[in-house]
Amino acid sequence: MTSAAIAEDGFLYALRRVTEAAARAAFDWIGRGRKDEGDAAAVDAMRTVLNHLDIDGRIVIGEGEKDEAPQLYKGERLGRAPVKGAAAPLGVDIAVDPVDGTSHLANGQTNALAAVAMTPQGAMFDPGPAFYMEKFAGPPAVRGRIDPLAPTRDKLRVLAGALGKPVAELSIYVLEKPRHRRLVEEIHAAGARVALYPAGDVAGAIVAAMPGGAVDALMGTGGTPEGILAACAIRALGGEFLGRIDPQLEHERQAVARAGMDTARWWGVEELVRSDRVWFSATGITTGLLFDGVSRGGGHTRTQSLLLSAPDSRRQVLTSWVETAGAGR
């Protein structure tokens, strides 16, 4: 392995510490019905580790604007202070989701995870006030072949052809929301299966981009922050991701209009992530599609994480055990 590859590997492992810390902090709040407390614990843990990295980081996708979120807010600068005489820290854009699936965390359900993605500064799409995004995510075989304006049946026909299977064998990940009733009907009418989940479209998009995964594509509207995180992961995987700003609430529509954002335009993965240098880490909080959740026993806390990077196409699922605080005392 070259020295550059070793350095990239070390940086990726540093991001793993970020998401592991958030997942461990959120663990105590699983199933307690208090999503805000669980999210706050994960935010605090994630920010602490990020501030110890040798980066000059800017939050592009975070917990909200400064007035709404005291930590990990959009525009916050993070990273260790530069040392005189040392090399300048790596300048990066940062997307974070300390808990993707806060309701899942509170209710003890599947697919809650902690995620962070980084690109060189200026490479990550800034969605401004847009909170919702319509998405299509799929594996490398379908990249560049999906017309986002085509009817659902045509998209599924192209997807099936790219994967070499009949439409009837396709499984499409869709968030279980009232806004998706028509989409679900269209998928069923085309002959494909629907995998409905109440939340967790970061995990759903990533699984859809992995060849041979549990689902063949993700479709529908979910959070824009989750969309950018997923786009970073899928850029590293070489899969397909398409996104369109799709405001759902009146105040969001007004804010998007004031910002001059085009809600008819579909953005490709290379427009959302404008660099082939990407680092991504996600750690399971509750067990789901991608990996096991946090567990404790025998004096240790166990976590499982997915690490992705480009352009080296590195993909790893790693399990860690750390001594549980206070164990054996």
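The values are calculated or read from the model by the stated rules, or taken from the named source; none is laboratory data. Quick caveat, the model's predicted, so the values are computed rather than measured. Note that each Cβ is placed from the backbone with ideal geometry, even for glycine, and that neighbours are counted across all protein chains shown. In case anyone asks, the SASA skips ligands and DNA or RNA and just uses the protein heavy atoms, side chains included. Shrake-Rupley method; radii C 1.70, N 1.55, O 1.52, S 1.80 Å.
Structure notes:
- Phi to ³J(HN,Hα) by Karplus 6.51 cos²θ - 1.76 cosθ + 1.60 over region 266-274, Hz, x for Gly, Pro: 9, 9, x, 4, 6, 8, 6, 10, 8
- Here the relative contact order of region 62-204, from alpha carbon pairs under 8 Å that lie six or more residues apart, stands at 16 percent.
- Kirkwood Rh in Å, taken over all unlike Cα pairs in region 188-329: 17.3
- The mean accessible area for residues of region 13-78, using a 1.4 Å probe and ignoring ligands and nucleic acids, is 48 Å² per residue.
- FRET E, pair Val322, Asp126, Förster distance 45 Å, beta-carbon r, rounded to 0.05: 0.80
- Per residue, region 158-210 exposes 43 Å² of accessible surface when a 1.4 Å probe is rolled over the protein heavy atoms with every protein chain present.
- Highest average first, the peptides 301-314, 275-288, 182-195 ordered by how many other beta carbon atoms sit within 10 Å of their residues are 275-288, 301-314, 182-195.
- Counting lysine pairs in the chain whose alpha carbons fall under 17 angstrom apart, excluding pairs fewer than 8 residues apart on the same chain, gives 4.
- Computed FRET value (nearest 0.05) for Asp54 with Tyr13, which takes r as the C-beta separation and R₀ as 22 Å: 0.95
- Fraction of the pair-distance distribution of region 6-49 above 15 Å, Cα-Cα pairs, percent: 45
- Projected area, mean over directions - region 94-185, Cα convex hull, nm²: 8.4
- Summary of packing: across the peptides 156-162, 51-57, the per-residue average of other C-beta atoms within 10 Å ranks them, highest first, as 156-162, 51-57.
- For region 4-163, convex hull of alpha carbons as volume per residue, Å³: 161
- Accessible area of region 139-230 belonging to carbon and sulfur atoms, whole % at 1.4 Å probe: 50
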